[in-house]
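The values are calculated or read from the model by the stated rules, or taken from the named source; none is laboratory data. Predicted model, so just to flag it, every value in this text is computed and none were measured. Cβ atoms come from the backbone with ideal geometry, glycine included; neighbour counts cover every protein chain shown.
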Amino acid sequence: MKRSRVIAEAILLAFVGVLLPLSAAIYAAWALSVNTEKGRLELVASQAAARTHLSILNTAAMLRELDNQKLAPCSDAHIGEMRRLSINGRMIEEIGYIDDGLLRCTSWGQTTKRIAKLPPDFMSGDDIETWVAVPPLVSGADPLTVVQVGKHNALIDPVRPIDLLSDNRILVTIVAPNGRVAAMLNDLDTQMALSLAKQGKSGVNDDYVYGVATDAGWTAIAVGHREELIAQFRSQLWVFLLFGGFASIFIVAMIMRQSRKRLSPLSELQIAVRKREFIVHYQPIVELATGNCVGAEALVRWKRPDGSLVRPDLFIPLAEQSGLIQPITDQVIDAVARDLNELLVQYRSVHVTINVCAEDIKSGRILEAVAARIGRTGIENRQIWLEATERGLLDIEEASRTIEEARTRGHKVAIDDFGTGYSSLQYLQNLPLDTLKIDKSFINTINRQSATSSVVPHIIDMAKALNLSVVAEGVETVEQAEYLIEHGVEYGQGWHYGKPMPADIFIAYLYENMKRRRADVIPLRRLNG
Ligand SMILES: Nc1nc2c(ncn2[C@@H]2O[C@@H]3COP(=O)(O)O[C@H]4[C@@H](O)[C@H](n5cnc6c(=O)[nH]c(N)nc65)O[C@@H]4COP(=O)(O)O[C@H]3[C@H]2O)c(=O)[nH]1
């Protein structure tokens, strides 16, 4: 995955990581404010409904008791008792005695008003007739509630039971069981009150927050202004934002940590292995005396998604440390089988050298890896050479076992970068190798006055003594090539013959090389013939 994509993803996630907790904090502060305010208003509403109902029951009980006293109707004692009760009852405006359609007397004295008795609006109990919103006889006063038990009735101010419940910032409306507004404290629009009562649910709208409660058919609506809700929300918001801010910082820190991990060289390499981003370039190996190409070394390249190539010395050490070298080696073998199958079937004398890591030589895993991938092609085992560095052969017993088995299967085995490690003649003697590759650092010294220039002939002699074929690596000049030929080195590899190249270019190179070879041979035959 591209670095820029990882960074873009991290920025996007961090943005969401900041936005999400902060919006959650704002939402939580708002939800809590609404719930708190709704709860407060619901409490006011439920108390208002309960008190209204209770005021009816209490009044009815008092009238029942008055009825039961059997005082002589409209006697001084009767009127006196009615007056005492209406003075003591905080919400009672007046008590009256009705007989035969006539209001005979009230708590204020004798009267003979004819009352047109209408059916009650509703019954508040078996014997409690109730009327609401009755306009008072004295104009200008608020509508009253009338309660009648037997021959006595009482006029109640419906606001009294609820007026101590709230300050003037809360509007309380009482809707009677018959659906009419019975009382209003701090005026609210009647239509709105009725519609809220009909909804029967607490809530919030563009202008108000409201709590709704019912008791014995009485519905109370307590309404608060939205500004108060907003003021409460503002005061709570800071606390929530503090928590939201901490959560954002935590999330962003986690995202940064995760992204840094993803951007680490190791995880980049892991992703590359998973996405099979490794390709192989091939460097020709030639017979020095003739210039004939006899094979190639498979050299891995990491092809990044942007098309750029990463050199193996930049990632092979990390791959070896982390164990990723094995899946990379497998991808190299896959590439060889894919790229050169046809060519290797056509030219049986041509081989490909594959670099093998120390662990694979030690465990012998490489043999199965090659068998599994080459077995299904037409490539023969003798066309696949295995190349291990001196370091890879340090564990001499296990290395010997793997090399023996490789040779039994038909592979050839070479020691790479010879001379740069700890190898000695005795060490080499104990390994059943086929080929020795002289490291390019020694080839560089040929024909130069350097301290190590005398080492090359010794290495060549040692290889001859052990019956090993020799490949010189890093041949860059004609002089080096001539020197090597003079000293009996058979094979060479280096920029003088060809740099590592993509498969298609190598195939073209080999065809060209083969053509040239045939062209050289035909005149010879003619000469002889
Ligand atoms: N200056 C100069 N350089 C020349 C010349 N001729 C060849 N070279 C370079 O020398 C290296 C030869 O490969 P090596 O010694 O096996 O050294 C290889 C090998 O040890 C390792 N490597 C490459 N592919 C693989 C692989 O598939 N598996 C493992 N385990 N290691 C690999 O990475 C090393 C570096 O590979 P490269 O960068 O491809 O470098 C290659 C090649 O490009 C020349 O004339 N002049």
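Out of everything in segment 371-392 that is within 13 Å of the ligand (Cβ to nearest atom) and assigned to a helix (DSSP H, G or I), what residue ends up being nearest to residue 342 (Cα to Cα)?
392
Using beta carbons and a limit of 6 Å, which pairs, at least six apart or on different chains, have the first residue in segment 211-236 and more than 20 Å from residue 168 (Cβ to Cβ) and outside the structural domain of residue 189 (by TED's automatic domain parsing) and the second one hydroxyl-bearing (Ser, Thr, Tyr) and surrounded by 15 or more Cβ atoms within 10 Å (Cβ to Cβ)?
Hits for this filter: 233/33; 236/33.
How many residues are aliphatic (A, V, I, L, M) and over 51 Å from the mean Cα position of the chain (by Cα) when one looks only at segment 286-312?
The total comes to 4.
Of all residues being surrounded by 15 or more Cβ atoms within 10 Å (Cβ to Cβ) and outside any helix (DSSP H, G or I) in segment 326-350, which is nearest to the ligand (Cβ to nearest atom)? Just the residue, please.
350
For residues in segment 286-301 being assigned to a strand (DSSP E or B) and more than 10 Å from the ligand (Cβ to nearest atom), which is surrounded by the most Cβ atoms within 10 Å (Cβ to Cβ)?
It comes out as 296.
Exactly one condition in (1) within 14 Å of the ligand (Cβ to nearest atom); (2) surrounded by fewer than 18 Cβ atoms within 10 Å (Cβ to Cβ); (3) closer than 16 Å to residue 415 by Cα is not met by residue 464; state its number.
(1)
Is it true that some residue in segment 1-17 is crowded, with 18+ Cβ neighbours inside 10 Å and within 20 Å of residue 227 (Cβ to Cβ)?
Checked against the condition, which is being crowded, with 18+ Cβ neighbours inside 10 Å and within 20 Å of residue 227 (Cβ to Cβ), segment 1-17 yields no hits at all.
Starting from segment 147-160, take each residue that is on the phi > 0 side of the Ramachandran plot and list its partners that are surrounded by fewer than 23 Cβ atoms within 10 Å (Cβ to Cβ) and not basic (Lys, Arg), counting only C-beta distances under 9 angstrom and pairs at least six apart or across chains.
150/66; 150/67; 150/68; 150/127
Does residue 360 fit the bill of being buried (at least 21 other Cβ atoms within 10 Å of the Cβ), within 14 Å of the ligand (Cβ to nearest atom), among the acidic types (Asp, Glu) and assigned by TED's automatic domain parsing to the domain that holds residue 393?
Taking the combined requirement at face value, the residue satisfies it.
Assuming residue 321 fulfils every condition listed in (1) without any contact (Cβ under 8 Å) to a residue 24 or more places away in the chain; (2) within 11 Å of the ligand (Cβ to nearest atom) apart from one, which condition is it?
(2)
Checking residue 268 against (1) assigned to a helix (DSSP H, G or I); (2) within 10 Å of the ligand (Cβ to nearest atom), which single condition isn't satisfied?
Condition not satisfied by residue 268: (2).
Pick out the one residue from 153, 168, 186 that is among the polar types (S, T, N, Q) and under 19 Å from residue 63 (Cα atoms).
The conditions single out 153.
Failed condition for residue 294, given (1) in contact with a helix residue (DSSP H, G or I) (Cβ under 6 Å, 6 or more places away or on another chain); (2) within 30 Å of residue 473 (Cα to Cα), with all others met?
With respect to (1) in contact with a helix residue (DSSP H, G or I) (Cβ under 6 Å, 6 or more places away or on another chain); (2) within 30 Å of residue 473 (Cα to Cα), residue 294 is out only on (1).
Just to be sure before I move on: is residue 313 within 14 Å of the ligand (Cβ to nearest atom), out of contact with any Pro (no Cβ under 8 Å at 6 or more places or on another chain) and either assigned by TED's automatic domain parsing to the domain that holds residue 23 or without any contact (Cβ under 8 Å) to a residue 24 or more places away in the chain (or both) in the structure I sent?
Details: within 14 Å of the ligand (Cβ to nearest atom): yes; out of contact with any Pro (no Cβ under 8 Å at 6 or more places or on another chain): yes; either assigned by TED's automatic domain parsing to the domain that holds residue 23 or without any contact (Cβ under 8 Å) to a residue 24 or more places away in the chain (or both): yes.
The answer is yes for residue 313.
All but one of (1) assigned to a strand (DSSP E or B); (2) of a type outside the set (Asp, Glu); (3) modelled with pLDDT under 95 hold for residue 87; state the number of the condition that does not hold.
The failed condition is (1).
Of the residues in segment 302-325, how many are part of a strand (DSSP E or B) and of a type in the set (Lys, Arg)?
Residues in segment 302-325 being part of a strand (DSSP E or B) and of a type in the set (Lys, Arg): 1 in total.
If you scan segment 92-107, which residues turn out to be of a type in the set (A, V, I, L, M, F, W, C) and surrounded by fewer than 21 Cβ atoms within 10 Å (Cβ to Cβ)?
First, the residues of segment 92-107 that are of a type in the set (A, V, I, L, M, F, W, C): 92, 95, 98, 102-103, 105.
Residues satisfying the conditions are 98, 102, 103.
Can you name the condition, by its number, that residue 353 falls short on among (1) within 14 Å of the ligand (Cβ to nearest atom); (2) surrounded by fewer than 21 Cβ atoms within 10 Å (Cβ to Cβ); (3) closer than 17 Å to residue 474 by Cα?
Failing condition for residue 353: (2).
Scanning segment 478-496 for residues that are assigned to a loop (DSSP other than H, G, I, E, B) and within 9 Å of the ligand (Cβ to nearest atom), which turns out surrounded by the most Cβ atoms within 10 Å (Cβ to Cβ)? Explain how you work it out, then say what you get.
Of segment 478-496, the ones assigned to a loop (DSSP other than H, G, I, E, B) are 487-490, 494-496.
Then drop every residue that is not within 9 Å of the ligand (Cβ to nearest atom), which leaves 494-496.
Working: 494: 22, 495: 13, 496: 18.
Ranking the qualifying residues of segment 478-496, first place goes to 494.
Scan segment 351-370 for residues that are in contact with a Gly (Cβ under 9 Å, 6 or more places away or on another chain) and assigned to a helix (DSSP H, G or I) and jot them down.
358, 359, 360, 361, 362
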